[in-house]
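One structure is given below, encoded as structure tokens.
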Amino acid sequence: MELYLDSSNPQEILEARSWGILSGVTTNPTLVSAAGPDMEGTLGRILEASPGPVLVQTIGWHDPKPLAAQARWLHALSDRIIVKLPMSIAGIQALLQLKQELPNLRIAVTAVASVAQAYLCGKVGANIVAIFNGPLDQTSDTPVELVSPVRQIFTNYGFRTKILSCGRFPRLFGEFAVAGTDICTMKIEYMKLLYEHPFTDKRMAGFLNDWSKVFGNDTWPEN
């Protein structure tokens, strides 16, 4: 499972990249607008900081013409951009048109919130289906189970569409991996939680305390 950072902040991207586990970056209109009015400059800085693909969303969801036009511009700007189209009739129409015009254009369908929507994405040949299971989980008492049935449907019909899950907490991250998610994206504060556990902290503090009682601040020799 690949790990992407959900961010428009180059400093955050470079920090996560330095950890050695980052495959790419996801963005959305909210993240890009939060970075300020220089949209093209923001996108350029994100592309420079990212170690791999960058998912960039088109604006709007009711008219396929501007969606397709924006997708063409983004594709011409960088072949590392994966264009995000909305889950809507217009979004699917734009996808079908673009796949005929630009076979090499990679497209993700975003804001997918049901198994039926995910099936449609697979059927029309989307490269990625971006499932909003993380945000959905925050509004329900139990995890929203979407990945496993979508994975089974894609297997049943030979769909090559990858599944992208939106993570919030380490519990969901693990469940996504078990269920067969191809890509998990999360904000940096959640990504940091993957490394943390109170038992780990307790054990490491105990080890260091026992060591220091005998050896003080000494460590093994360093070459």
Relative contact order (percent) for the chain, with alpha-carbon contacts under 8 angstrom and 6 or more residues of separation? 17
Taking neighbour counts of Cβ atoms within 10 Å as a proxy for exposure, in what order, fewest first, do S50, S23, S212 appear? S212, S23, S50
Helix 39-49 axis, angle to the chain major axis (alpha carbon atoms, nearest 10°): 50
Fewest Cβ neighbours within 10 Å first, please rank H75, H197 accordingly. H197, H75
Using the Cα centre as the reference, give the magnitude of the dipole from point charges on the C-beta atoms of the range 2-215 (Lys, Arg: +1; Asp, Glu: -1; all else neutral), rounded to the nearest 20 debye. 400
If I take R0 = 45 Å and measure r between the Cβ atoms of S212 and A116 in this structure, what FRET efficiency does the formula 1/(1 + (r/R0)^6) give, to the nearest 0.05? 0.15
Setting aside same-chain residues fewer than 8 positions from K213, which lysines have a Cα under 18 Å from its Cα? K202
Which entry in (i) 17.2; (ii) 16.0; (iii) 13.2 is this structure's computed mean projected area of the Cα convex hull in nm²? (ii)
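Read-outs: derived from the displayed coordinates by stated rules, not from any lab. Since this is a predicted model, take the numbers as computed values, not measurements. Positions of Cβ are generated from backbone atoms using ideal geometry, with glycine treated the same way; all protein chains shown enter the neighbour counts.
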